[in-house]
Each structure stands twice: as structure tokens, then as C-alpha cells.
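Structure first, commentary second.
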Amino acid sequence: MGQSKLNLSYPDITSREINTVVDILKSGQLSMGRYIEQFEQAFANYVGVKYAIAVNSGTSGLHLAVRSLGLKEGDEVITTPFSFIASSNCLLFEGVKPVFVDIEPHTYNIDVCRIEEKITSRTKAILPVHIFGTPVDMDPLLKLANTYNLKVLEDACEALGTEYRHKKVGSFGDISVFGFYPNKQITTGEGGMVLTNDANINKICRIMRNQGRDDNRNWFNHIMLGFNYRMDEISAGIGYVQLQRIDDILARRFQVAKYYDELLGNLCIRKPIISASKSWFVYVVEVWKNRKEIMNYLATKGIPSRPYFSPIHLQPLYVEKFGFKKGDYPVTEEIAERTLALPFHSRMTRADVEFVVDTLKRAFELYY
Ligand SMILES: *Cc1c(COP(=O)(O)O)cnc(C)c1O
């Protein structure tokens, strides 16, 4: 399949996915068929949770999660400012206030030890995000949630396959969400999955996903406010095949991370910690100075790279709405100034990684 090996990310699509899509197109059943059910069942089994609800994006999944937990205007939810914007926007959709807690500098995840000081009488839930596939320290987080009677919504969109104490992330919260955008570990094009062990939450999510219908036999009976967040059969077919291949995909991604770790060697750059229990989403290093010059040099050699992420609290919408300013979450801000995501996907060879690293070393000689 055609590709530039040095894309920042690249989906791992084989003839199996392609043949499945062709079969679905020929079948005439493009929505609500057998693939969505098979994908949901297989996904629930893989993560180790009772119910899975496939949706048309990770963001839709997060929205359903917020609504199904009954979060509403006036409530507060504790979350991280170092994430993709959707993990916080899903609260804004419902008028819920995100209360940010700064991150730990070594994992980039919410600093669980600093959550308690932000809990108020309005706090209703904690929304941890397993950033870049690194698991949040769930034990103390769940203990806090239990003590203060808070719900837990896991944003596991970047962490499919990651384990925490020998259990898959996405199986710890009252509800959790995965995403299948093409840069994720597995893709459906656009898509997402909501997971829960709670039969009632499962039911509400299914109804809200499908225009508020309580069952599919009576198509024009709408019992609550719903959306069209359904995943189509074509996407579900791709996801089903991708999930069958996940062990191989994750192993390749881990191998590419190990190539980087080895080849970056003695360069004065902060590398992510190599861990087998982590499912690799991106390969992000920290560059302590002249990041822009280094990025530009890589670009001239055909190597894309990108700062990852830009703090949520400093996004124009959040500054305007909540009055956040520079200095509010200093660890997040410092890390965000240094991060650089390098090309990373399952199809990269050792030679590809060598080329990136050699070019990076040259950039350091010139600009560091
Ligand atoms: C990818 C991602 C999502 C979901 O994104 P969609 O593009 O809507 O599927 C949500 N949260 C985080 C942290 C993500 O990385």
C-alpha cells in the first residue's frame, strides 16, 4: 500500500480490512448490521468489560459518557490540562466546569496526589486521560473517588491495550471511552467506543446514540433527547479486523519505540520510558532549547514533527470563558514547550528510525 514511511502517523491497513469493506459494500447493509455487534462484543472482551457501545468518534463517546453519568450545569469535574481538547470540551457541551489539576513531569498524566485539594461540594467526577498510552495511577485515584463518592470517566482514547496492574485501562472507571481516528493504535477511519460494566449506563448510551429510540423495532418512538452518534457498518468492519490484528500492531509499535530508544543513545534529549505494559500512541521526546529550529531542520529533510500537546487552559476559548492565564499550570506549560513528536507508526523499519535519528543528531549539532 502506498505510503511515505516518514509520516508522523500512518494507519496499518491490510488486504483483510480492504476485503471486509468490499464485502460490506456488496452486502447492502451499511448501518446497524452484524459488524457493529461483532466489533462491540470483541472489543468488550478484549478490554475486559461487560458492555461496549460503538459510536462515530471518540468525542461523541465522551459526550455520551458525560450525559449518561448525569453530569450537568453547575457540576465540576476534575481533569488534566495536558490532553487533546476533546477530553475537556465534552464537559463544556453540557455546561459542566472542568477543574484542572497539573500533571506529573515524568508521566505527563494528571498528578493524582494533587486532586484532593481541588475537590469541592460541586465536584461530581474525575476524568483521567491515559496520555500517550501511559496509564494514570488508578489505585489512589479510585480510592479518592470512593472516599468522596465521585464517578470516574476514563479517557482511554490513546491507550488501547495499555495495562495497569495487569488489567487493561478502560476497565477501571464507571465508564470509559476509546477513539479510532487514523493516528490511534487501531482505526475505523472515524470512530469511537464507550465501555461500561453498568447495565443502566449501557442502556442510556445505546438510546442516546440512536436518536433517543428505546428499541430498533419501533423506529419513530423517541423516549429521550438523543443524537446520531451511530458507527456505520463499514467502519465497524474495519475496526473488527483491526482488533483481530491488534497484538501484531502493538508489537510492531513497541519495536519501533525500542529502535528509537536504542538509536537516540547519548543524545541530550529526554526519551519516553520503555515499558512493555504500555501501548504506544506517539513517540514524544523533550527538546530543551531551539525546538523550532530543530523542527524546521527536520522538515527540510522531509521529516515531519510536531509539538504535542498545546495546553488546554491556554486555548483561546478557555482563556475567554474561564480567564485562565500563563502560569496557572506550570508543569503542563513547561512540558508543552519542550515536547516533540517524531514519526511513529507500525510500518517504520529500523532504517527509517535511523534516518530520523541521524537527521535529529545533525540538527542538534547545528542548533543545540
Ligand atoms: C483522539 C482522542 C480523543 C477522541 O478524538 P476523536 O477524533 O473524536 O475520535 C479524545 N481524547 C483524547 C485524549 C484523544 O487523544
*Positions within region 199-224 being surrounded by 16 or more Cβ atoms within 10 Å (Cβ to Cβ) and under 30 Å from N149 (Cβ atoms), in sequence order*: I201, N202, I204, C205, R206, I207, M208, R209
*asked:* I need the full set of residues from region 79-100 which are among the aliphatic types (A, V, I, L, M) and touching a Pro at 6+ places or on another chain (Cβ under 8 Å), in order please.
replied: L91, L92
*Filter result (assigned to a strand (DSSP E or B), more than 10 Å from the ligand (Cβ to nearest atom) and either open to solvent by less than 40 Å² (accessible area, probe 1.4 Å) or touching a helix residue (DSSP H, G or I) at 6+ places or on another chain (Cβ under 8 Å) (or both)) within region 165-188*: K168, I175, S176
*State yes or no: is S88 in contact (Cβ under 8 Å) with a residue 40 or more places away in the chain and either at negative phi or among the hydroxyl-bearing types (S, T, Y) (or both)?*
yes
*Quick one: count up the residues across region 23-49 that are open to solvent by less than 60 Å² (accessible area, probe 1.4 Å), out of contact with any helix residue (DSSP H, G or I) (no Cβ under 9 Å at 6 or more places or on another chain) and either more than 28 Å from G173 (Cβ to Cβ) or not aliphatic (A, V, I, L, M) (or both).*
1
_Hits in region 70-100 (condition: within 26 Å of D328 (Cβ to Cβ) and more than 19 Å from the chain's Cα centre (by Cα))_ = L71, K72, E73, G74, D75, E76, E94, G95, V96, K97, V99
*asked:* Against the condition assigned to a loop (DSSP other than H, G, I, E, B) and closer than 30 Å to H166 by Cα, how does I13 come out, does it pass?
replied: yes
*Which condition number in (1) within 16 Å of the ligand (Cβ to nearest atom); (2) in contact (Cβ under 8 Å) with a residue 40 or more places away in the chain is the one that L25 fails?*
(1)
*Matching option when the condition is out of contact with any Cys (no Cβ under 9 Å at 6 or more places or on another chain), closer than 17 Å to E40 by Cα and not aliphatic (A, V, I, L, M), among G173, G161, G179, G133*: G161
*Enumeration of residues in region 142-164 that are under 23 Å from K118 (Cα atoms), part of a loop (DSSP other than H, G, I, E, B), more than 9 Å from the ligand (Cβ to nearest atom) and of a type outside the set (S, T, Y)*: N149, L150
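The values are calculated or read from the model by the stated rules, or taken from the named source; none is laboratory data. Computed from a predicted model, the values in this text were never measured in an experiment. Here the Cβ is made from the backbone with ideal geometry for all residues, glycine too, and neighbour counts use every protein chain on show. With ligands, DNA and RNA removed, areas are computed over all heavy atoms of the protein, side chains included. Shrake-Rupley method; radii C 1.70, N 1.55, O 1.52, S 1.80 Å.
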